[in-house]
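The values are calculated or read from the model by the stated rules, or taken from the named source; none is laboratory data. These numbers come from a predicted model, not from an experiment. Note that we place each Cβ from the backbone using ideal geometry, even for glycine, and neighbour counts take in every protein chain shown. Please note that ligands, DNA and RNA were not included when accessible areas were found on the heavy atoms of the full protein model with its side chains. Shrake-Rupley method; radii C 1.70, N 1.55, O 1.52, S 1.80 Å.
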Amino acid sequence: ERMESVVNSRTEELKTLNDELKDQAIDRERINGMLRENYIHMTESIIAAKRIQQLILPPKQVIADCFSDVFIYLRPLDIVSGDFYWFYQHGSKCWIASVDCTGHGVPGAFMSMVGSNVLNQAVIESKTESTSKILEKLDDLVIREMRQHEQGTEVSTGMDISLCSFDFAKMEMRYSGAFQQLYFIRDGELQIFKGDRFSLGGTFKHEGKKFSEHIIPIQRDDRLYMTTDGFLDQFGGPKNKKFTRKRFIELIQKANGETMYDQEMEIKNALQDWKGAYEQIDDILVVGIRI
C-alpha cells in the first residue's frame, strides 16, 4: 500500500509537471507569435520607408542626361540607407553629391532626409558654383536643423560628403569634400582630390572649420568617382581585412576603358567576391561619371 501511494504521488507530480510544461510551451508559442507579428509589421514599415526614401533620390535618368555616361551603386545595409546621392541641374550647370550620414538603417535614413533638404536649401536657393561656400552653408544648416547649437540638445550626428558643381559652358568643375575624396581619371592617369578632414555638423562649430575648393578644367571622356567609406571598409578576402582605398583605386583604374554600366557590374562583383560569406558592415554608395 505504501509503495502504491508513493507511485501515485510520483505519477501525480509528473502529471502536474507535464501540464506546467505544456502551459509554458503554449505561452512560448504565443509570445513567439507576437514577436513574429511585430517583426512583420516593423519590416513592412521599413519597406514603406524605403519606398519614400527612393522617391527623394533623383531619378538616375535625369543624372544620365547631364553626362555622357553614369552609374550609381547604392547598397543599403538595412533596407533603408544613411548614404544617399543628390543632384540638381540649372541651365548649363549641374551639381551632384554623394553623402554618408551618421548611422545606418532607420536613424541614418532620417538623417538622409535632413541632408537632402539642406542640400536643396543650400544649392537651389543660392545656385552658387562655389562648392566650398555650399559646404559652409550646409554645415550651418545641419547644425541648425539638428539643433546642435542649443545647450542640452547636442546630437553628435553629421554628414561626410563629396560635392561637385559643373559649368559646361566653361567646361569647368569645382569639388569640395568632407572626409571624402574625388577620384579623377583622364587618359588613364589618376588624380585624387582630397576633401577636408572634418564632417558637416557636429556638436559644435569651431572657427577653423573652413572648406577648401578645387577648380578643375574638364574635357570629354574624363571620368570621376565618388565613394562613401562603406565600400572601402568592407571586411573580406582570405584574411578578413578591409577592402581599402588602394584596392578601390586599382579597381577603377582597371575598369577605366569600359562603359560605366560595365564598371558598375565589375564593382558589384569585386565587392561580392571580397565580402564572400562575411556580413556587410555599412551602407555602400559609389558614383561614377564620364563627362
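Rundown of residues vs (1) of a type outside the set (S, T, N, Q); (2) under 16 Å from residue 174 (Cα atoms); (3) open to solvent by less than 40 Å² (accessible area, probe 1.4 Å); (4) outside any helix (DSSP H, G or I), yes/no style:
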residue	(1), (2), (3), (4)
96	yes, yes, yes, yes
115	yes, no, yes, no
133	yes, yes, no, no
136	yes, yes, no, no
141	yes, no, yes, no
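Could you tell me which of the residues 193, 231, 166 is touching a strand residue (DSSP E or B) at 6+ places or on another chain (Cβ under 8 Å) and surrounded by fewer than 22 Cβ atoms within 10 Å (Cβ to Cβ)?
Going through 193, 231, 166 in turn, just one is touching a strand residue (DSSP E or B) at 6+ places or on another chain (Cβ under 8 Å) and surrounded by fewer than 22 Cβ atoms within 10 Å (Cβ to Cβ): 193.
Please specify each residue of the stretch 98-113 satisfying the condition of being under 18 Å from residue 75 (Cβ atoms), among the hydrophobic types (A, V, I, L, M, F, W, C) and in a helix (DSSP H, G or I).
Those that are under 18 Å from residue 75 (Cβ atoms), among the hydrophobic types (A, V, I, L, M, F, W, C) and in a helix (DSSP H, G or I): 106, 109, 111.
Among the residues of the stretch 61-90, write down those that are β-branched (Val, Ile, Thr), open to solvent by 50 Å² or more (accessible area, probe 1.4 Å) and either assigned to a strand (DSSP E or B) or in contact with a helix residue (DSSP H, G or I) (Cβ under 9 Å, 6 or more places away or on another chain) (or both).
Across the stretch 61-90, the qualifying residue is only 79.
For the stretch 117-130, enumerate the residues that are touching a residue at least 40 places away in the same chain (Cβ under 8 Å) and either assigned to a helix (DSSP H, G or I) or under 22 Å from residue 61 (Cα atoms) (or both).
The answer is none; no residue qualifies.
It is to be established whether one or more residues within the stretch 260-274 are closer than 20 Å to residue 71 by Cα, open to solvent by less than 20 Å² (accessible area, probe 1.4 Å) and among the hydroxyl-bearing types (Ser, Thr, Tyr).
no
Hey, does the stretch 145-155 have a residue that's over 21 Å from the mean Cα position of the chain (by Cα), open to solvent by 60 Å² or more (accessible area, probe 1.4 Å), of a type in the set (Ser, Thr, Tyr) and at pLDDT below 95?
no
Only one of (1) hydrophobic (A, V, I, L, M, F, W, C); (2) over 30 Å from residue 255 (Cβ atoms); (3) crowded, with 17+ Cβ neighbours inside 10 Å fails for residue 124. Which number is that?
(3)
Run residue 282 past the list (1) over 17 Å from the mean Cα position of the chain (by Cα); (2) part of a loop (DSSP other than H, G, I, E, B); (3) in contact (Cβ under 8 Å) with a residue 60 or more places away in the chain; (4) more than 21 Å from residue 68 (Cβ to Cβ) and report the number of the one that doesn't hold.
That leaves (1) as the condition not met.
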